[in-house]
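> Okay, here's the structure, questions in a sec.
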Amino acid sequence: MDQAYLRRILTSRVYEAAVETPLQAAPILSERLGRPTYFKREDLQPIFSFKLRGAYNKVAKLSAEQRAAGVIAASAGNHAQGVAYSAQRLGLRAVIVMPRTTPEIKVEAVRVRGAEVILHGDSYSEAEAHALQIGGEQRLTLVHPYDDPEVIAGQGTIGLELIRQLSPPFTVYAPIGGGGLISGIAVLLKSLDPSISVIGVEPEDSDAMARSLDAGERITLDRVGLFADGVAVSRVGEHTFDLTRRYVDQIVRVSNDEICAAIKDVFDDCRAVMEPAGALAVAGLKRHAAKARTRNLVALTCGANINFDRLRHVAERAEIGEQREAVLAVTIPERPGSFRAFCQALGGRAITEFNYRYAPRESAQVYVGIQLGSRDQRPELVHQLRAAGYAVLDLTENEIAKLHLRHMVGGRAPEARDERVFSFEFPERPGALLEFLAALPQGWNISLFHYRNHGSDSGRVLAGIEVPAGLEEGAAQLLSELGYPFRDESDNPAYQLFLA
């Protein structure tokens, strides 16, 4: 039992600004999972995020001298709002450094609280380094988003509420970025009742805590995914790593598509729209529910600060994340009546998308989305179509197919004889696409190009470049020097079927 943290949690000052949030039943999800499931609605805080708890507790406990100088924080959004809200309420100066990739809704929410906003870097790590520099120069007190005992204690008050709202034992799922939320909750709950299970949830592409626990020491990720920007942290905290190692039972990793499906699940049960990090715990709960040791399950819905245009991407991927849609490439005869015959072979299943373009040949490749009743029906569907004589390639897990080729089916260029196809990623911010195009070597012939703003974590481009035989290694070296993550997709089966 960690007496020091228990004292900090019990003497925290969070309720001068934060509210006790409800534990809301999720009847639709409960029925699907076969056990009582609840959402701890931290999205109902005044800043629509739990981050207010830790930020206010830290700021409220500063000395008079520290208050007079002011505070500084680095944050991708929600912690920034918590610090700005707290400083405004207590009459302090606040400077907030945010990555340039931060959703605009979060930037504006900080500005309206009277804080000075500085946009710097493309990641939290770059913003944090800049904040430390400014803080040292101006003698501002750093309010760390997670690796601070008072911040951890503020988040731990959620555990106090949970243990009053639901009789143990239960299993609680909490998102992990830097670890402040889960470590505060875990130390409180495990100290009071060890029968309670605490499960952390991380995105597959931002799993710094899971990897650190596996390694037995804090490690730094070379790159983090930005879709769930609220947990996009490359290195967890020293305090939080220690507490998580001692008090958290397990960590579950989930995909971005599963997060999109979880956003829809929360909406279905609560008519509330979560940001990706806010629905992260729900995605983990769904993946882990069958292994949970207790009957009652709780997920922290911890944030609702999402840019409206991101909903397009979320809606597009939710059914795939829930595995209620299959995306297939199917070969059908190029003759009248083939589409009707194919639909009949589906046995009444609904088609969600169908892309096709006539070509003067014996057979045609169609890109088709098909609605499923449950996640285990996809293999059965593929088998059924193959038994009916169709050649089928399952593209449901093919990222290039889902991001790009669904918008490009039918476009072939026989003249592009030496075409190599590459996928690129770059931070999604104003001007980023132009920067990417300007970085490509002069004189290269681009034979294919697809970009679409998905309102998501990063800009994605699929580009075809004519690379004469024998120059492939030199081209790969030039692309590496651009500084953008890229992958050679020339052998991708979806590209070969529809565009090569």
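> Would you please give the FRET efficiency between Leu311 and Met408, computed as 1/(1 + (r/R0)^6) with r the Cβ-Cβ distance and R0 = 22 Å, to the nearest 0.05? Could you put the intermediate results ahead of the total?
Details: r = 23 Å, r/R0 = 1.06.
Calculated value: 0.40.
> What full-extension length gain, to one decimal in nm, is calculated for Ile118 and Gln3 as 0.36 nm per residue of separation minus the Cα-Cα distance? Please list the in-between numbers first.
Details: separation 115, 0.36 × 115 = 41.40 nm, distance 3.84 nm.
Using 0.36 nm per residue and subtracting the Cα-Cα distance, I get 37.6 nm.
> Can you give the three extents of the C-alpha atoms in region 323-397 along their principal axes, from longest to shortest, in whole Å?
Ordered largest first, region 323-397 gives principal extents of 37, 21, 17 Å.
> Nearest-5 percent of antiparallel DSSP beta bridges in the chain?
Details: 38 of 66 bridges.
Within the chain, antiparallel bridges account for around 60 percent of the total.
> What spacing in nm lies between the two simple spin-label points modelled at Arg361 and Glu126, each 7 Å away from Cα in the Cβ direction?
In this crude label model, Arg361 to Glu126 measures out at 4.3 nm.
> Based on the Cβ-Cβ distance of Ser195 and Ile446, what FRET efficiency does E = 1/(1 + (r/R0)^6) give at R0 = 51 Å, to the nearest 0.05? Let's see the in-between values first.
Details: r = 60 Å, r/R0 = 1.18.
My answer for the efficiency is 0.25.
> In addition: Using a 7 Å offset from Cα along Cα-Cβ at Gln371, what residues in region 304-336 end up with backbone N under 17 Å from the label point?
Once the point is set 7 Å along Cα→Cβ of Gln371, 315-328 turn out to lie under 17 Å by backbone N, inside region 304-336.
> Modelling each spin label as a point 7 Å along the Cα-to-Cβ direction, I'd like the Arg93/Thr331 distance in nm, to one decimal.
For the pair Arg93/Thr331, the computed spacing is 7.1 nm.
> Okay, next question. Give the relative contact order (percent, whole number) for the chain; include only Cα pairs under 8 Å separated by 6+ residues.
The value is 12 percent.
> Right, next: For a quick protection proxy, order the peptides 92-101, 7-16 by their average other-Cβ count within 10 Å, most packed first. If you can, show how the numbers build up before the last one.
Values: 92-101: 23.2, 7-16: 17.2.
Ranking, from highest mean packing down: 92-101, 7-16.
> Distance in nm between label sites at Gln66 and Glu16, each 7 Å beyond Cα in the beta-carbon direction?
Output for this residue pair reads 1.3 nm.
> Determine by what factor the alpha-carbon radius of gyration of region 114-273 differs from 2.2 N^0.38 Å, reporting the quotient. Kindly include the intermediate steps, with their values, before the conclusion.
Details: Rg = 16.7 Å, N = 160, 2.2 N^0.38 = 15.1 Å.
The reported ratio for this selection is 1.10.
> Can you tell me how much longer the chain between Ala476 and Glu161 gets when fully stretched, taken as 0.36 nm per residue apart minus their C-alpha distance, in nm with one decimal? Intermediate values should be presented prior to the final figure.
Working: separation 315, 0.36 × 315 = 113.40 nm, distance 5.47 nm.
Additional length available on full extension: 107.9 nm.
> Oh, and also: Nearest 10 degrees is fine. How inclined is helix 238-247 to the longest principal axis of the chain, computing both from alpha carbons?
Taking the Cα atoms of the chain, the angle to 238-247 is about 80 degrees.
> Just to be sure I understand the curve: with the Debye formula and one point per C-alpha of region 38-193, what is log10 I(q)/I(0) at q = 0.17, 0.18 Å⁻¹?
Ignoring solvent entirely, the Cα scatterers give -0.93, -1.03.
> Additional query: Of Ile105, Ile196, how do they rank once you tally other Cβ atoms within 10 Å and put the fewest first? Present the calculation step by step, with values, prior to reporting the outcome.
Values: Ile105 16, Ile196 25.
The order, fewest Cβ neighbours first, is Ile105, Ile196.
> Additional query: Just the projected area, averaged over all directions, of the convex hull on the alpha carbon atoms of region 1-85: how many nm²?
Values: hull surface 32.0 nm².
In nm², the orientation-averaged hull projection of region 1-85 is 8.0.
> What whole-number value in cubic angstrom gives the convex hull volume per residue for the C-alpha atoms of region 221-297? Write out the running numbers ahead of the final one.
Values: hull volume 8.8 nm³, N = 77.
Convex hull of Cα atoms, per residue: 115 Å³.
> Here's another thing I want to ask about it. Between Ala391 and Asp222, what is the FRET efficiency for a Förster distance of 35 Å, r being their Cβ-Cβ separation, to the nearest 0.05? It would help to have the intermediate numbers written out before the result.
Details: r = 39 Å, r/R0 = 1.12.
Step by step, r from the Cβ atoms, then E = 0.35.
> So what is the 222 nm mean residue ellipticity for the chain from helices alone, if each DSSP H run of at least 4 adds -39500 (n - 2.57) and you divide by all residues, rounding to the nearest 500 deg cm²/dmol?
Values: 20 runs with 203 residues, N = 500.
Estimated from H runs of four or more residues: -12000 deg cm²/dmol.
> Helix 51-60 sits at what angle to the longest principal axis of the chain, using alpha carbons and giving 0 to 90 degrees rounded to 10?
Orientation of helix 51-60: about 30 degrees from the principal axis.
> Between beta-carbons, use under 13 Å as the cut-off and find the net charge around Gly114, counting Lys and Arg +1, Asp and Glu -1.
Values: positive: Arg89, Arg93, Arg111, Arg113; negative: Glu108, Glu116.
With Lys, Arg at +1 and Asp, Glu at -1, the neighbours total +2.
> Can you list the HN-Hα couplings for region 128-134, worked out from phi with the Karplus curve (6.51, -1.76, 1.60; θ = phi - 60°), rounded to whole Hz and with x for Gly and Pro?
5, 4, 5, 5, 4, 5, 5
> Please report the net charge: other residues with Cβ closer than 13 Å to the Cβ of Gly373, K and R +1, D and E -1. Working shown, then result.
Details: positive: Arg32, Arg324, Arg349, Arg375, Arg378; negative: Glu319, Glu322, Glu325, Asp376, Glu380.
That works out to 0.
> Mind checking the angle between helix 472-481 and the chain's longest principal axis? C-alpha axes, 0 to 90 degrees, to the nearest 10.
The answer is roughly 20 degrees.
> Also, quick follow-up: Rank by packing, highest mean first: peptides 469-478, 482-491, with packing defined as the count of other Cβ atoms within 10 Å averaged across residues.
Details: 469-478: 11.9, 482-491: 14.8.
Taking the mean over residues of other Cβ atoms within 10 Å, the ranking is 482-491, 469-478.
> Do me a favour and compute the ellipsoid semi-axes for the chain from its Cα gyration tensor, root of five times each eigenvalue, largest one first, whole Å.
After scaling each eigenvalue by five and taking roots: 44, 29, 18 Å.
> With a 10 Å Cβ neighbour count serving as the proxy for reagent exposure, in which order, fewest first, do Ile47, Ile251 appear? Working shown, then result.
Numbers: Ile47 29, Ile251 21.
Lowest to highest Cβ neighbour count: Ile251, Ile47.
> How would you order 271-278, 302-309, 171-178 from highest to lowest mean count of nearby Cβ atoms within 10 Å? Provide the component values of the computation, followed by the final result.
Values: 271-278: 23.5, 302-309: 21.2, 171-178: 28.5.
Result, highest mean first: 171-178, 271-278, 302-309.
Where a number appears in this text, it was derived from the coordinates with a stated rule and is not lab data. Note that the coordinates shown come from a computational prediction; the quantities given were computed from them, not determined experimentally. Counting neighbours? That spans all protein chains shown, and the Cβs are built from the backbone with ideal geometry, glycine included.
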